[in-house]
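Down below is the structure, laid out as structure tokens.
The values are calculated or read from the model by the stated rules, or taken from the named source; none is laboratory data. Because the structure is a prediction, the values reported are computed rather than measured. Heads up, the Cβs are rebuilt from the backbone with ideal geometry, glycines too, and the neighbour counts pull from every protein chain shown.
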Amino acid sequence: MADSRQEALEYCLKRTPQRIAQVKAAVQLIQERTQRENHDVLVVLGSGLHDTVCNLGKNPVELPLKELLGAKIPSAQGHGTQIVSVQIETEAKTVNILVCTGRIHLYEGHTPADLCFVPQVAAMTGIQAAFLTNAGGCLQPWELGDVMAIRDHINFSGASPFTGPVFVDISQVWDSDLTAAIKKHASRSGVYAISRGPEYQTLAESIMMRNNGIDMVGMSTVLEAIALYQLGVRVCGVSVTSDLTFSSTPTTHSEVLHAVKSAIPCVQNCLYEVINTLY
């Protein structure tokens, strides 16, 4: 798998060979700092979900993103600026988890390639699967704090992780078996759409999205998922309902924070179920 993944990385970055060298250097730094040759699962935490990493596993090792040459630093509120390596014991093995405590976004002025750098680094550490999380606006009559298993996505960002003739079949990005595991705990499942942001969608756009089968909308996750899938990583994830688009009263900031915080135990259970499915 290592050889095929390396070939896939070289294929998607063939126009930016310097990026390949940066990925390799970042992988080496993670291995040296954590003293873990490989990692098994990547977890990316969305807005307000930083506390998910608390008590997630044992033997945590933190590494500031600023030490990874090529990595950009999140500036959005509610996003951490480090990666954390932790270990979780299963009956089969000790599972090494690489946790990104925050992420960057297109609306911060970053390129699609920037967004996908850390996920690509994680892929080259040997991960089998990625568990992606976000907080999004809900287009359905659900409740704040509901957790939705992402079964598919629609890309309204106008962006791709790739530059040039990098042709990838993305009809099945979201792993059905891992999504089924998440659905044992998540109260909802559905389709997530990404917009570039930073502005939110208009009422007409929201109605159009809902009428076309979209359940949640946000400004992240999709490009990461595509980049990881291209490298042979099994992708799954959840979206936490942090805003009700069609509510008669606007959602306050305190309600958003409370909704995301209330969802953390469910998000953790979804992750544990994914790990138990893998190992």
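Before moving on, here are some points about what is shown:
- For region 49-129, the strands (runs of 3 or more DSSP E) that sit wholly inside it and include 1 or more residues that are within 16 Å of the chain's Cα centre (by Cα) are 82-89, 94-100.
- Odd one out for G237, checked against (1) closer than 30 Å to N96 by Cβ; (2) part of a loop (DSSP other than H, G, I, E, B): (2)
- Qualifying positions in region 262-271 - over 16 Å from the mean Cα position of the chain (by Cα) and under 14 Å from V53 (Cβ atoms): P265
- Residues of region 144-175 that turn out to be of a type outside the set (F, W, Y), more than 24 Å from S189 (Cβ to Cβ) and buried (at least 19 other Cβ atoms within 10 Å of the Cβ), as a count: 1
- Applying the set (1) modelled with pLDDT under 95; (2) charged (D, E, K, R); (3) farther than 17 Å from L271 by Cα to D114 leaves exactly one unmet item: (1).
- Residue in region 123-135 that is among the aliphatic types (A, V, I, L, M), buried (at least 20 other Cβ atoms within 10 Å of the Cβ) and free of Cβ contacts under 8 Å to residues at least 60 places away in the same chain present: no
- Residue match in region 250-270 (condition: buried (at least 20 other Cβ atoms within 10 Å of the Cβ) and among the charged types (D, E, K, R)): no
- Within region 53-85, if we keep just the residues that are among the β-branched types (V, I, T) and touching a Leu at 6+ places or on another chain (Cβ under 6 Å), the residue that is nearest to V121 (Cα to Cα) turns out to be I83.
- Flag if L98 is in contact with a helix residue (DSSP H, G or I) (Cβ under 6 Å, 6 or more places away or on another chain), within 19 Å of Q28 (Cα to Cα), buried (at least 18 other Cβ atoms within 10 Å of the Cβ) and modelled with pLDDT of 95 or more: yes
- When residues of region 176-189 are limited to those that are surrounded by 14 or more Cβ atoms within 10 Å (Cβ to Cβ) and of a type in the set (S, T, Y), the one modelled with the lowest pLDDT: S187
- Residue that is farthest from the chain's Cα centre (by Cα) [pool: residues in region 190-225 that are surrounded by fewer than 18 Cβ atoms within 10 Å (Cβ to Cβ) and within 22 Å of S171 (Cβ to Cβ)]: N212
- Answer residue from region 41-88, given it is of a type in the set (S, T, N, Q) and in contact with an Asp or Glu (Cβ under 6 Å, 6 or more places away or on another chain) and is nearest to G218 (Cα to Cα) among those: S75
- E32 being free of Cβ contacts under 8 Å to residues at least 12 places away in the same chain and closer than 18 Å to Q82 by Cβ: yes
- Hits in region 8-23 (condition: assigned to a loop (DSSP other than H, G, I, E, B) and loosely packed, with under 13 Cβ neighbours inside 10 Å): R15
- Any pair with Cβ under 6 angstrom, 6 or more apart, that starts in region 8-21 at a residue that is of a type in the set (K, R) and ends at one that is exposed (fewer than 13 other Cβ atoms within 10 Å of the Cβ): R15/G164
- Pairs linking a residue in region 57-70 that is loosely packed, with under 15 Cβ neighbours inside 10 Å to a residue that is part of a helix (DSSP H, G or I) and not hydroxyl-bearing (S, T, Y), with Cβ atoms under 6 Å and 6 or more positions apart or on different chains, are L69/Q22; L69/A25.
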